[in-house]
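Only one structure is covered here, and it is reproduced in the block below.
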């Protein structure tokens, strides 16, 4: 009897580990997009609901460079990141800077409208077909029954490398420290000689570049189409709130939690719960701890 149960237990363990690996990989994508939400919010107190569409634009630019122009994958990767980063800085300088201080509803509607414009532009430029981005990460390794896809491993490794780079940048460079100062107190940073407007543009550029990297890493898994960023952005927003909307580590942790919940719910719960489960957990978290896992609860005296 014990011998008969052992293969069943081993299969359950393999399934659990497989879901764990895939959930962490998907959660890393949510974490990267959530990181873009948090960076912009900390600096400008704006919520950019076009973040997912910047992810889509990054994937399309990389596809165009690799598939249409015949560039090497890494050259296309770099081009997409630079182009979307410059586009993010241009958005701040030309449009978004002018709505700082306006009601949040106006900002939300503006960024939603911008996202719709980006999708229309993508549809006109690249069409409504679904595309595949060829990457060097096509291998598969099986260890003890658990499949380690190079695509998923590239997502996990890329996410942690990027987060480590951003951590070093924000803590050990003058520009990074200036960005932190600006996010904490814009007026004090301005009086200390920090070019606040330039810092805003740099933060938008970093946020857009992060979204582009997420889009390129995600492209081989979900394929590329004009709506690929919509669902990702909604779950990334939930991840940012779950982790604590002002917390950079919380964005990554929240993304991984959302990814794990989504994968395990899809496997063990009835059909339809996969997409709803992350939001149910988010609502429960808001009821118990409104500031999120890593956020702090602010109070104002009147």
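The values are calculated or read from the model by the stated rules, or taken from the named source; none is laboratory data. Please read these numbers as outputs of a predicted model, since none were measured by experiment. FYI the Cβ positions are ideal-geometry reconstructions off the backbone, even for glycines, and counts take in every protein chain you see.
Output yes when any residue across segment 39-54 is surrounded by fewer than 21 Cβ atoms within 10 Å (Cβ to Cβ) and closer than 16 Å to residue 219 by Cα, and no when none is.
Scanning segment 39-54 turns up no residue that is surrounded by fewer than 21 Cβ atoms within 10 Å (Cβ to Cβ) and closer than 16 Å to residue 219 by Cα.
Determine if segment 268-291 includes at least one residue that is in contact with a strand residue (DSSP E or B) (Cβ under 9 Å, 6 or more places away or on another chain) and surrounded by fewer than 16 Cβ atoms within 10 Å (Cβ to Cβ). I'd like the intermediate steps shown before the answer.
Our first condition is that a residue be in contact with a strand residue (DSSP E or B) (Cβ under 9 Å, 6 or more places away or on another chain); within segment 268-291, this holds for none.
No - not one qualifying residue is present in segment 268-291.
Only one of 216, 203, 199 is crowded, with 16+ Cβ neighbours inside 10 Å, touching a helix residue (DSSP H, G or I) at 6+ places or on another chain (Cβ under 7 Å), closer than 27 Å to residue 66 by Cα and modelled with pLDDT of 85 or more; which?
On the way: 203 fails: closer than 27 Å to residue 66 by Cα; 199 fails: closer than 27 Å to residue 66 by Cα.
After applying the criteria, what remains is 216.
Would you say residue 295 is touching a helix residue (DSSP H, G or I) at 6+ places or on another chain (Cβ under 6 Å), closer than 26 Å to residue 115 by Cβ and at pLDDT below 90?
Details: touching a helix residue (DSSP H, G or I) at 6+ places or on another chain (Cβ under 6 Å): no; closer than 26 Å to residue 115 by Cβ: yes; at pLDDT below 90: yes.
So residue 295 fails the test.
If we scan segment 128-136, do we find a residue that is within 17 Å of the chain's Cα centre (by Cα) and crowded, with 16+ Cβ neighbours inside 10 Å? Full working, then the answer.
Quick first cut of segment 128-136, residues within 17 Å of the chain's Cα centre (by Cα) only: none.
No, that holds for no residue.
How many residues, within segment 16-71, are part of a loop (DSSP other than H, G, I, E, B) and free of Cβ contacts under 8 Å to residues at least 24 places away in the same chain? It would help to see each step written out before you state the result.
Pass one, segment 16-71, residues part of a loop (DSSP other than H, G, I, E, B): 45-50, 69-71.
Filter once more, so that each one left must be free of Cβ contacts under 8 Å to residues at least 24 places away in the same chain: 69-71.
Qualifying residue count for the region: 3.
Only one of these conditions is not met by residue 106: (1) closer than 25 Å to residue 57 by Cβ; (2) part of a helix (DSSP H, G or I); (3) in contact (Cβ under 8 Å) with a residue 12 or more places away in the chain. Which number is it?
Residue 106 satisfies every listed condition except (3).
Among the residues of segment 176-196, what is the count of those that are over 11 Å from residue 44 (Cβ atoms) and either touching a helix residue (DSSP H, G or I) at 6+ places or on another chain (Cβ under 8 Å) or in a loop (DSSP other than H, G, I, E, B) (or both)?
Quick first cut of segment 176-196, residues over 11 Å from residue 44 (Cβ atoms) only: 176-181, 184-185, 187-195.
Pick out the ones that are also either touching a helix residue (DSSP H, G or I) at 6+ places or on another chain (Cβ under 8 Å) or in a loop (DSSP other than H, G, I, E, B) (or both) and you get 176-181, 185, 188-190, 192-195.
Residues that pass the stated criteria total 14.
For residues in segment 137-159 being in contact (Cβ under 8 Å) with a residue 12 or more places away in the chain and exposed (fewer than 12 other Cβ atoms within 10 Å of the Cβ), which is nearest to residue 69 (Cα to Cα)?
Among those that are in contact (Cβ under 8 Å) with a residue 12 or more places away in the chain and exposed (fewer than 12 other Cβ atoms within 10 Å of the Cβ), it is 138.
Residue under question is residue 116, and the condition is that it be assigned to a helix (DSSP H, G or I) and either touching a strand residue (DSSP E or B) at 6+ places or on another chain (Cβ under 9 Å) or surrounded by fewer than 24 Cβ atoms within 10 Å (Cβ to Cβ) (or both); does it hold? Before the answer, list the steps.
Working: assigned to a helix (DSSP H, G or I): yes; either touching a strand residue (DSSP E or B) at 6+ places or on another chain (Cβ under 9 Å) or surrounded by fewer than 24 Cβ atoms within 10 Å (Cβ to Cβ) (or both): yes.
When the stated conditions are applied, residue 116 passes them.
Quick check on this structure: which one of 251, 209, 236 is farther than 30 Å from residue 124 by Cα, assigned to a helix (DSSP H, G or I) and within 13 Å of the chain's Cα centre (by Cα)?
Numbers: 209 fails: farther than 30 Å from residue 124 by Cα; 236 fails: farther than 30 Å from residue 124 by Cα.
Every option except 251 fails the conditions.
So, in segment 171-190, of the ones that are within 23 Å of the chain's Cα centre (by Cα) and in contact (Cβ under 8 Å) with a residue 12 or more places away in the chain, which residue ends up surrounded by the most Cβ atoms within 10 Å (Cβ to Cβ)?
As a first pass, look at segment 171-190 and keep what is within 23 Å of the chain's Cα centre (by Cα): 171, 175-177, 179-180, 182-184.
Okay, now just the ones that are also in contact (Cβ under 8 Å) with a residue 12 or more places away in the chain, so 175, 179, 182-183.
Details: 175: 13, 179: 23, 182: 26, 183: 22.
The selected residue is 182.
Tell me yes or no: at least one residue of segment 122-142 is closer than 30 Å to residue 45 by Cα and modelled with pLDDT of 90 or more.
Just the residues of segment 122-142 that are closer than 30 Å to residue 45 by Cα, to begin with: 122.
Still in the running and modelled with pLDDT of 90 or more: 122.
Yes, some residue in segment 122-142 is closer than 30 Å to residue 45 by Cα and modelled with pLDDT of 90 or more.
Please tell me if residue 76 is buried (at least 19 other Cβ atoms within 10 Å of the Cβ), within 30 Å of residue 182 (Cα to Cα) and modelled with pLDDT of 90 or more.
Values: buried (at least 19 other Cβ atoms within 10 Å of the Cβ): yes; within 30 Å of residue 182 (Cα to Cα): no; modelled with pLDDT of 90 or more: yes.
When the stated conditions are applied, residue 76 does not pass them.
Looking at residue 101, is it surrounded by fewer than 12 Cβ atoms within 10 Å (Cβ to Cβ), out of contact with any strand residue (DSSP E or B) (no Cβ under 9 Å at 6 or more places or on another chain), free of Cβ contacts under 8 Å to residues at least 12 places away in the same chain and within 21 Å of residue 231 (Cβ to Cβ)? Break it down stepwise before answering.
Numbers: surrounded by fewer than 12 Cβ atoms within 10 Å (Cβ to Cβ): yes; out of contact with any strand residue (DSSP E or B) (no Cβ under 9 Å at 6 or more places or on another chain): yes; free of Cβ contacts under 8 Å to residues at least 12 places away in the same chain: yes; within 21 Å of residue 231 (Cβ to Cβ): no.
It is false that residue 101 is surrounded by fewer than 12 Cβ atoms within 10 Å (Cβ to Cβ), out of contact with any strand residue (DSSP E or B) (no Cβ under 9 Å at 6 or more places or on another chain), free of Cβ contacts under 8 Å to residues at least 12 places away in the same chain and within 21 Å of residue 231 (Cβ to Cβ).
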